[in-house]
1. Under the classification rounded if a/c is under 1.5, otherwise prolate if a/b is larger than b/c and oblate if not, where does region A:148-259 fall, given a ≥ b ≥ c as square roots of the Cα gyration tensor eigenvalues?
2. Given the rule -39500 (n - 2.57) for each run of at least 4 DSSP H residues, summed and divided by the residues of chain B, what is its mean residue ellipticity at 222 nm, to the nearest 500 deg cm²/dmol?
3. Just the Cα atoms of chain A: what Rg and Dmax do they give in Å?
4. Bin by bin, in steps of 10 Å, what percent of the Cα pairs in region B:47-112 do you find, going until the bin that has the longest distance?
5. Helix A:178-197 against the longest principal axis of chain A: what's the angle in degrees, Cα atoms only, rounded to the nearest 10?
6. Using the reciprocal of the averaged 1/r over all distinct C-alpha pairs, how large is the Kirkwood radius of chain B in Å?
7. Work out the count of Lys pairs in chain A where the Cα-Cα distance is under 26 Å, with the pair 8 or more places apart or on different chains.
8. Averaged per residue, what accessible surface does region B:115-167 expose to a 1.4 Å probe, in Å²?
Amino acid sequence: MNNKKLSPWLWTSALAVYAFLYIPLIIVIVYSFNDSRLNAEWVGFTLKWYQVLFNDGPMLHAAGNSLLIALVTSAAATLFGTMAGYAMYKFKLRLLPLLVLTPLALPEILMGVSLLIFFVMLNMTLGMVSITLAHISFCIGFVAIVVRSRLAGMDESLVEAARDLGATQWQAFRLITLPLIMPGVIAGALMAFTLSIDDFVITFFTAGAGASTLPLQIYSMIKIAVTPEVNAISSLLMALTLALIMAASKLAPGVFKAN
Amino acid sequence: MALLEIRNIVKRFGDFTAVDNVSLSIGAGEFFTLLGPSGCGKTTLLRMLAGFEMPDGGEILLDGKNVANVPPEKRPVHTVFQSYALFPHMSVADNIAFPLKMAKKDPAQIKTQVAELLEDVRLSQFGNRLPHELSGGQRQRVAIARALANRPRLLLLDEPLSALDAKLREQMQIELINLQKEVGITFVYVTHDQGEALALSHRIAVMNKGKVEQLDIPEKIYGFPKNRFVADFIGQCNLLEAKVVETGSERMKIEIDGVGIAETLPAAGVQAGTRGTLALRPEKIKISASLPADVADEVHFRGKVHDCLYLGDVTIYIVELENGLLVEAMLPNSASGQAKFFDDNDAVEIAWRFDAGHFLAE
């Protein structure tokens with residue numbers, strides 16, 4: 001730690017920013033334990049909203065859908081994103097980065113509408129499959145960026161050394177490159193998982209009538225009112241995300257630094 | 001038959017010709033050095049020997065077989081990289097075991113061999129460490145042990161000592177010489193450090209702009225540089241513009257521009273009027289307050305001390321001749337306690353034997 005004294009201004013503004021970011025989250029968590037239907041005043045501690053939540057059939061079903069979609073998305077996006085990141089690093093292509101990275105910059109609503117039109121043109125029934133495909137398509141770019149930046153920080157002579165010492169191209173990738181970019185790959189997988197599980201806009205357009213995910217379900221509930229049950233599910237979602245980030249930082253220390 | 005024969009190798013990067021029609025042959029057990037300034041093509045040539053670059057023309061014959069287009073993993077050639085390229089996620093022992101595993105050796109045999117190699121490079125205690133936990137010199141030794149593990153026909157070393165400090169570098173040079181003698185493997189060494197090249201090599205190829213300027217034993221490279229580039233690149237050298245006045249069989253007369261007539265060794269293919277350069281090493285020049293005018297076989301001129309560089313073991317005197325030409329002379333400081341023999345502006349006489357320098361025709 002340095003011994004420099006921070007100016008009171010810096011302290012105040014830092015506190016204000018953190019307050020702005022975290023107070024709403026804390027309110028949600030606190031009110032999920034509030035023994036009242038209204039998010040207005042603190043009445044008393046209760047776990048009943050969690051009870052309500054775990055007896056809410058449609059909500060549990062949506063959560064299951066979300067988890068399944070997020071798992072498949074994160075697996076597929078990590079595979080394809082790693083391949084794309086490796087290709088962008090290895091071959092100094094011009095078109096591929098553009099193709100992979102543009103979806104990141106596109107407004108989500110545009111992605112949602114265009115994917116909807118595309119699926120309809122293909123005569124696909126909207127549902128789990130179309131949602132998953134849409135999620136994979138916008139997650140690949142995020143994984144690719146993380147993997148590429150990880151590769152860019154790698155000493156190129158390491159792969160040459162492996163080849164020089166008798167490894168084939170594939171062996172050099174598997175034994176040297178892959179272990180060294182693993183923190184990036186894990187970070188990418190985690191990113192894809194969290195992006196998928198809380199996506200609303202693109203999911204909204206590609207879900208159709210068939211399938212509901214957690215964000216869609218929450219949205220349909222708050223159309224009536226923000227109930228403490230929504231607070232409860234939101235708190236659980238936060239806990240899950242936090243756990244994932246902690247797990248990843250254990251698995252791959254440095255993920256949240258270098259990249 | 002030579003172990004390695006390079007024939008008319010060419011490598012271009014776009015419009016730039018990095019290696020321009022180079023041919024040379026290297027014998028078994030030789031310590032061979034490619035020496036030159038950065039961008040001279042020495043590293044590109046080494047990378048072609050390793051298999052990281054494919055030549056645009058020519059042949060690389062290893063034991064008589066052309067390997068120019070063979071991928072690196074299929075060549076009995078290993079490399080010690082400038083950055084050492086130790087695998088950061090593997091222990092020292094696993095790094096050294098890597099080539100043995102790739103060669104699909106028996107695990108038990110790998111274990112004993114790794115232990116032996118670790119002992120050879122005095123790192124037995126460090127097998128379980130990760131590369132970043134070692135010092136620069138230790139990493140260097142791991143890199144060498146790893147590259148030698150499979151007993152390659154040829155060991156390539158790409159400026160392996162450049163990351164070490166001066167003291168350690170000298171120690172590693174001695175280790176390298178001993179190691180090469182011990183294992184008897186042919187070393188091809190790339191460096192831009194002429195001192196290192198002279199100290200280590202059996203033979204040196206001095207490269208410039210993709211071509212070999214001179215290929216010879218170190219004594220010849222230093223003592224008889226073939227042209228201005230080699231004379232200038234290897235060690236310190238006075239390069240005096242001159243022209244031939246009179247040729248001869250034993251010695252010839254030249255006129256150093258603005259200084260006067262001097263005798264020197266005859267050069268091949270010159271005649272009266274040929275312009276060129278007299279290359280003269282500073283340590284071959286004598287310097288004194290006054291010299292008898294008629295010492296046999298010596299050339300001498302008057303001048304005054306312009307600058308002195310005291311280097312501890314020697315002092316370099318920069319002497320200004322009467323016409324303003326600056327000549328460097330080097331004197332060992334053999335008497336202890338005495339920093340230098342002359343001071344700035346002292347009038348001195350410089351002299352050299354007629355066979356001390358030699359004339360390089362343009």
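1. prolate
2. Helix contribution divided over all residues of chain B: -7000 deg cm²/dmol.
3. Computed over the Cα atoms of chain A, radius of gyration and Dmax are 22.1, 71 Å.
4. All Cα pairs, binned at 10 Å, distribute as 18, 38, 31, 12, 1 percent.
5. Its long axis makes an angle of about 30 degrees.
6. So the Kirkwood estimate lands at 23.3 Å.
7. Number of lysine pairs found: 5.
8. 48
The values are calculated or read from the model by the stated rules, or taken from the named source; none is laboratory data. All of these numbers come straight from a predicted model, not from anything done at the bench. Methodologically, a virtual Cβ is constructed for each residue, glycine included, from the backbone with ideal geometry; neighbour enumeration extends over all protein chains shown. Heavy atoms of the whole protein, side chains included, go into the accessibility calculation; ligands, DNA and RNA do not. Shrake-Rupley method; radii C 1.70, N 1.55, O 1.52, S 1.80 Å.
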